[in-house]
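Before any comments, here is the structure.
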Amino acid sequence: MMLAYMDHAAAAAEPDTIEVAMVADAAECAAARDFGGLVSARPAAVVRPASVDDVASAIQAAALTAHLTVAARGNGHSVAGQAMAEGGLVLDMRAVSRRMPMQLVLLSSGAAFADVPGGALWEEVLHWAVSNHGLAPASWTDYLRLTVGGTLSNGGVSGQSFRYGPQVSNVVELEVVTGDGKCRVCSPSSHPDLFFAVLGGLGQFGVITRARIPLSPAPQTVKWTRVVYASFADYAADAEWLVTRPSESAFDYVEGFAFVHSDDPVNGWPSVPIPGGAHFEPSLLPAGSGPVLYCLEVALYKQHQQAEDVDERMEQMMRPLKYVRGLEFAADVGYVEFLSRVNRVEEEARRTGSWAAPHPWLNIFISARDIADFDRTVLNGMLADGIDGPMLVYPMLKSKWDPNTSVALPEGDIFYLVALLRFCRPYPGGPAVNELVEQNSAIIDACRCNGYDFKIYFPHYRTQSDWAAHFGSKWSRFVDRKARYDPLAILAPGQKIFSRTPSSSAKRVIV
Ligand SMILES: Cc1cc2nc3c(=O)[nH]c(=O)nc-3n(C[C@H](O)[C@H](O)[C@H](O)COP(=O)(O)OP(=O)(O)OC[C@H]3O[C@@H](n4cnc5c(N)ncnc54)[C@H](O)[C@@H]3O)c2cc1C
């Protein structure tokens, strides 16, 4: 079906290649839902573009109307409707990615890059780069069934971020369709303002149709180790020491999580051993350990031809750490297997039904200055019984983030990601979702009341004053960039930052 205009002048711009799916019933429409399962917004139509020109045509068509908005939808793994467009057009970016092959770009300097569609999953990028070229990007997310455009619109963090930077620091060129329907190629040297606006820009400035990602030789194997701490002070001191080591003596990956001092299969000791790993022996924990314990997770990569003994290096690097001796879990796994480790969690959650249940998740970046207090107040207080899912707590370095991007970060040079990833059994077997949402609000209130230096990652505010507070000193630049690249506020309405402005010569569009 085509988008049809009520006006002859506009008919010239009529796109004839866009496949538009009418939305008959919001309940049947994937674009009306997301992984969070907390909100639903019914679009007027879902557009499955076949090319970049189709993306541009859809945005141009929306611009000709008084009211239509356009949301790029990656894999719909947002948790608060960020990729939805109530009464607007949803662009299925997975559709366009299926028609755009990934390409290897080799420079005469020997540098290698991948040109990948914005709607490609990181998992697809991994398999293509490793299998076809023995190469890989340096920076990942924990879970790879997320799209390139979706994570670049937010940040994209994992245990590699402290060393290689987040995903927004690992891209050298973008092809973007801005809110005026124009396709532009941008980089740090060509249209840098657009390039940095889009990175972490929550979809506000343009639709990413292609990204150029640096590649390096892919490691063959990974030495993956988890160790346990009873003291948060020791855990945080070691984690911060590890992420500030010079790269020649650093791990390739540092993460960690809090868990409950109990035998609960999801929240407690059994969540620590690496798959296939050893039994967790709680009698090794010091007497008087609190209700919450901590697991530091590190990894060293091994290249094929590497002479150095990775086992020995791991042992040396672990020696000064103050973890509980005997509570160590290690495995040697393939690189692709390591990066795909969360797939097992997905399979299990699908089996239990918690993958399809609502996910009231909360992600916060919080300054190292305040993390001990947060641990006392929130992890050991409000969440001492666990959350039926991982409670990630690990540090990263602000110096690895370019301040020109749109991402809002805390002030501190070292800040932690705290990710409260609730996987609840569906109600009534599991807790009522509204109680968990309220608990999230109470945690944010506690952060505010205690004066913590923090920013919400994947924010979802409802008022512009909240957004202004979120971006702080970056807000006026964010507003200026919006006026420049999406003056009618057509794009990413699900973020609820700006309201659509009618164009002066609005036409009516029939879908
Ligand atoms: C199981 C799971 C694990 C996760 N693990 C991590 C993790 O380890 N690290 C991490 O950083 N994040 C993680 N996330 C969060 C994830 O990064 C976000 O949900 C992100 O939005 C990517 O999801 P998506 O590709 O499905 O994008 P969507 O949810 O579809 O979209 C997110 C936002 O980006 C916009 N957008 C999407 N595609 C484009 C595009 N091509 N151009 C412009 N704007 C676009 C949308 O309009 C929307 O505003 C995880 C999420 C889940 C559900």
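Read the figures in this text as sums done on the coordinates, not as results from a lab. Fair warning: this is a prediction, and the values are worked out from it, not measured in the lab. So basically every Cβ, Gly included, is an ideal-geometry build from the backbone, and we count neighbours across all protein chains shown.
In terms of its C-alpha gyration tensor, region 266-327 comes out prolate, because a/c is 1.5 or above and the ratio a/b outweighs b/c.
Legend: P(r) of the chain from all alpha carbon pair distances, 10 Å bins from 0, whole percents, reading 4, 19, 29, 26, 15, 5, 1, 0, 0.
Across all directions, the average projected area of the convex hull around the alpha carbons of region 215-326 is 8.0 nm². Semi-axes of the equivalent ellipsoid of region 221-457 are 28, 23, 19 Å, computed as sqrt(5λ) over the eigenvalues of the C-alpha gyration tensor in descending order.
Computed with the Debye formula from one identical point scatterer per Cα of region 35-131, without solvent, the log10 of I(q)/I(0) at q = 0.10, 0.11, 0.16 Å⁻¹ comes to -0.35, -0.42, -0.75.
Per the Debye formula on identical point scatterers at the alpha carbon atoms of region 316-392, with no solvent, log10 I(q)/I(0) at q = 0.13, 0.20, 0.21 Å⁻¹ is -0.72, -1.21, -1.19. Judged by the mean number of other Cβ atoms found within 10 Å, the most tightly packed of the peptides 198-211, 388-401, 233-246 leads the ranking 198-211, 388-401, 233-246.
Amide H to amide H, with H built 1.01 Å from N, residue 501 comes under 5 Å of 489, counting only residues 5 or more places away or on other chains.
What shape does region 367-511 have by the C-alpha gyration tensor, where a ≥ b ≥ c are the square roots of the eigenvalues, rounded means a/c under 1.5, and otherwise prolate means a/b greater than b/c and oblate the rest? It is oblate, given that a/c is not under 1.5 and a/b is not larger than b/c. Pairs of lysines in the chain whose Cα atoms sit within less than 29 Å of one another amount to 29, provided the residues are eight or more positions apart or on different chains. Fewest neighbouring Cβ atoms within 10 Å first, the residues 497, 59 line up as 497, 59. With the gyration tensor restricted to C-alpha atoms of region 97-217, the semi-axes of the equivalent ellipsoid amount to 21, 16, 14 Å, longest first. Calculated on C-alpha atoms, the gyration radius of region 149-224 divided by its Kirkwood radius gives an Rg/Rh of 1.05. Here is the tail figure for region 416-480: Cα pairs spaced more than 17 Å apart come to 54 percent of all pairs. Computed from Cα atoms alone, the Kirkwood hydrodynamic radius reported for region 458-501 is 10.7 Å.
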